[in-house]
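Please read the structure below before turning to the comments.
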Amino acid sequence: MWLTQLLERNRQCFPDRTALADEHRSLTWAQFDERTRRLALGLAGLGIERGDRVAVLAKDRVEVLESYFALARLGALFVPLNHSLTGPEVAGIVERVGAVAVLGESALLDQHPRLPASVRIRVAFDKPEFEALGSLAPDRELPPPADTDPVAVLHTSATTGQAKGVTVDSASFRAIALGWLAVARPTDDIVMVNCCPLYHGSMVVSLTYMAAGATVVLMPGFTPQRALAAVQEHRATHIWMVPQMLRFMLQAKGMDTTDLSSLREILYGAAPMPLDVYAEATRRLGCGFRQVYGMTEVGGPFVTLGPDEHPAPGQVTARIPCGRVIPGMSARAADAAGRTLPTGEIGEIVVRGPGVMQGYWNDPEATREISPDGWIRTGDLGFVDEHGRIHLVDRTKDLILRAGQNVYPSEIERALMTHPAVRDAAVVGIPDEDYGEVPLAYVVAEPGTAARELQAHVAQRLAPYKRPRRVEFIEQVPRNPAGKIIKKLLRG
């Protein structure tokens with residue numbers, strides 16, 4: 001079991017070095033390994049068995065990863081829940097996976113007093129019962145699960161519909177981590193502030209750095225001030241965030257008074273990096289950037305662009321490439337029939353390799369749909385350039401067909417974002433009697449900005465068929481915690 005080996009190796013090599021920290025506590029690698037051994041026995045004592053599903057409902061904190069590694073030792077499946085979900089949504093996931101237990105924060109657990117009948121155990125992290133579970137002396141070793149046994153059901157971010165449960169095994173995490181280690185080459189002195197939630201595939205980024213012996217700092221939710229304070233307090237060398245978080249951090253009042261000199265690298269993903277944010281961060285922070293392109297169904301991050309490959313801010317005009325696929329995984333652009341497209345030609349990015357999921361939980365039809373031929377269909381439109389770098393253009397479901405011409409919403413969004421008064425933008429297709437579909441732009445802008453002003457701005461940058469039919473102003477573009485635009489809310 002690779003996850004257990006990760007702990008044992010780091011306990012042996014770095015016993016007194018901090019493994020995890022949050023706002024209330026920290027654990028060394030020796031403590032983390034010992035704690036998960038005891039916790040696994042405690043959970044087994046409650047009646048949790050190999051193959052059982054255990055839901056975790058909490059904001060990011062040390063106990064979340066303690067539970068994850070303890071359940072992995074036990075052979076039970078970790079099912080992290082998005083803490084912002086409604087009662088019916090939480091109950092739906094718990095019922096679909098047949099969870100026998102729910103662990104988490106008491107304040108969040110109290111919001112869901114009635115859960116499906118399969119749940120027979122509820123334990124709060126902040127109650128004495130949870131601490132008692134980890135107090136058992138590890139007088140025996142649990143039989144190690146196989147690398148091919150499922151260890152987690154991670155749910156997708158669900159920007160287009162109901163979240164799907166992605167079943168992954170230890171071999172998937174090992175494949176992604178080893179490929180990432182070979183390319184990113186993280187060192188064991190890294191301290192990484194993790195701004196992204198631990199309840200879906202973005203958590204794998206933290207696991208890959210933990211595999212190198214790095215320290216991971218967790219926050220109960222992102223705020224710019226909290227992220228700045230964490231970097232300064234822990235002398236963080238790396239920070240993992242989505243571009244919108246970086247924008248907020250640059251705008252924060254404490255940005256210029258916080259000591260960020262320890263930062264060596266900003267890891268970003270889940271959405272394109274706005275060029276104005278990239279230019280400002282490069283100027284003000286002076287550190288490197290690493291793009292992370294991943295997908296829960298593929299096991300997490302499978303493509304990266306390192307600091308030495310990032311262009312200078314003035315040298316990029318459209319978008320920054322995602323990067324090259326990590327060793328052990330394969331990715332290409334394919335047409336509708338699954339055929340590989342020539343260099344530079346736009347198609348759907350498809351992926352295969354040992355990191356991909358076992359399948360969607362109890363949903364073979366959806367599994368066949370996303371992987372009809374062994375290649376995972378990402379739903380992203382993009383191309384591979386002559387250097388083997390993957391470039392993303394848009395989502396297949398967001399593509400607008402205007403009188404037979406492809407219109408990419410992300411291209412219009414980038415054009416709008418170059419206007420100094422625009423703070424955020426999202427573009428969707430709407431029905432049109434003459435053209436089939438036309439673009440509609442939703443914009444967050446400075447007070448007093450006129451729609452005709454933005455229309456004229458876009459007209460100078462895009463062909464007529466790409467220009468939005470209308471511009472509507474909104475107070476906030478709806479985004480999920482991973483920073484992705486929830487376009488289904490805009491389409492109505």
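The values are calculated or read from the model by the stated rules, or taken from the named source; none is laboratory data. These figures come from a predicted structure and were not determined experimentally. Note: ideal-geometry Cβ built from the backbone for every residue, glycine included; neighbour counts use all protein chains shown.
Observations on the structure shown:
- The set of residues from segment 6-55 being touching a Lys or Arg at 6+ places or on another chain (Cβ under 7 Å) and more than 17 Å from Ser67 (Cβ to Cβ) comprises Thr28, Trp29, Ala30.
- Annotation note: of Thr167, Thr187, the sole residue that is of a type in the set (Val, Ile, Thr) and in a loop (DSSP other than H, G, I, E, B) is Thr187.
- Checking Leu181 against (1) free of Cβ contacts under 8 Å to residues at least 40 places away in the same chain; (2) aliphatic (A, V, I, L, M); (3) crowded, with 23+ Cβ neighbours inside 10 Å, the condition it does not meet: (3)
- Qualifying residues in segment 201-218 (those that are under 15 Å from the mean Cα position of the chain (by Cα) and not in a helix (DSSP H, G or I)) - the one farthest from Ala163 (Cα to Cα): Leu218
- Yes/no for Met357 being at pLDDT 95 or above, under 18 Å from the mean Cα position of the chain (by Cα) and closer than 30 Å to Thr148 by Cβ: yes
- Residue match in segment 387-402 (condition: in a helix (DSSP H, G or I) and either in contact with a strand residue (DSSP E or B) (Cβ under 6 Å, 6 or more places away or on another chain) or surrounded by fewer than 20 Cβ atoms within 10 Å (Cβ to Cβ) (or both)): yes
- If the condition is being part of a loop (DSSP other than H, G, I, E, B) and farther than 17 Å from Phe302 by Cβ, then segment 363-384 contributes Asp363, Pro372, Asp373.
- Test: residue in segment 107-128 that is touching a residue at least 40 places away in the same chain (Cβ under 8 Å), in a loop (DSSP other than H, G, I, E, B), surrounded by 15 or more Cβ atoms within 10 Å (Cβ to Cβ) and within 23 Å of the chain's Cα centre (by Cα): no
- Hits in segment 298-330 - residues which are assigned to a strand (DSSP E or B), touching a helix residue (DSSP H, G or I) at 6+ places or on another chain (Cβ under 8 Å) and either free of Cβ contacts under 8 Å to residues at least 40 places away in the same chain or polar (S, T, N, Q) (or both): Thr304
- Lone qualifier among Phe69, Phe32, Phe78 - being at pLDDT 95 or above, of a type in the set (Phe, Trp, Tyr) and not in a helix (DSSP H, G or I): Phe78
- Taking segment 332-361 as the range and being surrounded by 12 or more Cβ atoms within 10 Å (Cβ to Cβ) and without any contact (Cβ under 8 Å) to a residue 24 or more places away in the chain as the test, the residues that pass are Asp335, Thr340.
- Criterion applied to Val303, Val325, Val292 was being modelled with pLDDT of 90 or more and either touching a Ser or Thr at 6+ places or on another chain (Cβ under 7 Å) or surrounded by fewer than 23 Cβ atoms within 10 Å (Cβ to Cβ) (or both), and the one residue passing it is Val292.
- Among the numbered conditions (1) part of a helix (DSSP H, G or I); (2) surrounded by fewer than 17 Cβ atoms within 10 Å (Cβ to Cβ); (3) at pLDDT 95 or above; (4) of a type in the set (Gly, Ala, Ser), the only one that Gly254 does not meet is (3).
- Residue check for Val292: of a type in the set (Val, Ile, Thr) and in a loop (DSSP other than H, G, I, E, B): no
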